[in-house]
Amino acid sequence: MLLHSVDFHRPVYNLLGLPLDAVGMLQAAQRLEHARTGDRPFFLSTPNLNFLVAAQDDAQIRDSVRRSDLSIADGMPLVWLARLLGLPIFERVSGSGLFEHIRANTVMPWRVFFFGGQDGIARQAAEVLAGQPGMQPAGWAHPGFGTVEEMSNPHLLALVNRSDADLLVISLGAAKGQAWICRNLPRLRPLVVSHLGAVVNFVAGSVQRAPGWVQRIGMEWAWRIKEEPHLWQRYASDGFALARIVVTRVTPLAVLQRWWKPPQCEFDRATVELQVAAGRVTLRGAWQAANLEPVRIAFDGMMAPRGTLHLDLRAVSYVDAAFVALLTLLDCALSETGGKLRIEGMSARVRRLLELHRALPK
């Protein structure tokens, strides 16, 4: 059973193994408002630099973001990396900023359940929301600091589901929060679910968010260190990791994308062949965001339950970050249904691009 409804028509791009949607604040808010009319939970991921660094070596974090219905760039370093690689992700959309945007602009108030955080903070955040426009408290829970399994007990899930919340805000630490959502999403009733770790602190007032001008110049990290001094170690570690990633992955990928990008005629001649009964998709030519519609349709058509899906790339000469994002979504979705993606006939060039994109299927 899929944890989510896979949308291969999203404006999504791969950034070093993580899918990022090319949306701004208004578009992201509209997606969440639309999700309130759905019939299954909508999983919002908000990867920042710490997510990106951890995901390079942690398949569980990487896969949790791939399973989300919307993934926004919550951190200016991600926007800067996207620009270096030519991706159309021009705006930072932070989880806390999105929360406040919806809070200020929604027509129908959201009912919010806070799950996690330091002892007493979730309750304090719920009390702050009480009586305010835009968002109303639906409840809160402090599950402690146990394992994901311990925090997934039926009593806690029932508490969340009885609340009639529209938005479930998780605050358990990024890796644990994403894992908790992936484990429990099919059993949750709130229609929007997201790990928004800092939001509960901002709402409760235990931490002050950076002024707008500090956010705009990309220095919110410095403000956060002022507010929470213990964060300096994480930010320092992530900074060194970012420098290493730029040297070992981003720069080589940016260079090879420019050198290896073929003439337009190869994109114009790109074709897709489906053999549904055999579970096979054969692609030919070069693929980029502008000509991917046949691939999107093909991947949609191959999502019926089946075993191995064979993807023949032997006649493919080039792929960009938009194609790679679709590939990772397909691989993740198939794994959830017990299927497997088998790529056949990759050229050395395509394999190298996928390696640098951090997107080679297992």
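With the cut-off at under 17 Å, measuring from each backbone N in segment 318-337 to a point 7 Å along the Cα-to-Cβ line of Arg40 picks out 329-337.
Applying 1/(1 + (r/R0)^6) with r as the Cβ-Cβ distance of Asn105 and Glu293 and R0 = 41 angstrom yields a FRET efficiency of 0.80. Assuming charge only on the beta carbon of Lys and Arg (+1) and of Asp and Glu (-1), the dipole of segment 12-237 about its Cα centre is about 160 debye to the nearest 20. For the residues Asp331, Asp74, Asp57, a GNM of the chain with alpha-carbon springs under 10 Å puts the largest fluctuation on Asp57. Taking other C-beta atoms within 10 Å as the exposure proxy, Leu156, Leu167, Leu129 rank Leu156, Leu129, Leu167 from fewest upward. Quick one: plug the Kirkwood hydrodynamic radius of segment 41-156 (C-alpha pairs) into Stokes-Einstein at 10 °C, 1.306 mPa s, and report D in µm²/s. Translational D for this selection: 97 µm²/s.
Peptide packing for 109-117, 285-293 was compared via the average number of neighbouring C-beta atoms within 10 Å per residue; ordered from the highest value, the list is 109-117, 285-293. The label point for Ala348 and the one for Asp57, both projected 7 Å from the Cα toward the Cβ, are 3.0 nm apart. Rounded to whole numbers, the Karplus 3J(HN,Hα) couplings from phi for segment 279-292 are x, 10, 10, 10, 10, 9, x, 10, 10, 8, 3, 5, 10, 8 Hz, using 6.51 cos²θ - 1.76 cosθ + 1.60 with θ = phi - 60°, and x at Gly and Pro.
Average projection, convex hull of the Cα set of segment 264-356: 5.4 square nanometres.
Kirkwood hydrodynamic radius computed over the chain comes to 21.3 Å, based on all pairs of distinct alpha carbons. Starting from the Cα of Leu274, step 7 Å along the direction of its Cβ; do the same at Arg83; then give the gap between the two resulting points in nm. It works out to 4.0 nm between the two label points.
Could you work out the helix-only [θ] at 222 nm for the chain, with each DSSP H run of four or more residues adding -39,500 (n - 2.57) and the total divided by the number of residues, to the nearest 500 deg cm²/dmol?
Values: 17 runs with 160 residues, N = 362.
When only DSSP H runs of four or more count, the value is -12500 deg cm²/dmol.
DSSP bridge analysis restricted to the chain gives an antiparallel fraction near 20%, rounded to the nearest 5. Residue separation of Trp260 and Leu157 scaled by 0.36 nm, minus their Cα-Cα distance, works out to 32.1 nm of gained length.
Tally the DSSP beta bridges in segment 264-356 and give the antiparallel ones as a percent, rounded to 5. Mind dumping the intermediate values first?
Values: 5 of 17 bridges.
The antiparallel fraction comes to roughly 30 percent.
The numbers here are math on the coordinates, done by the rules we state, and not lab data. Being a predicted model, the structure only gives us computed values, none of them experimental. Cβ: placed from backbone, ideal geometry, glycine included. Neighbour counts: every protein chain shown.
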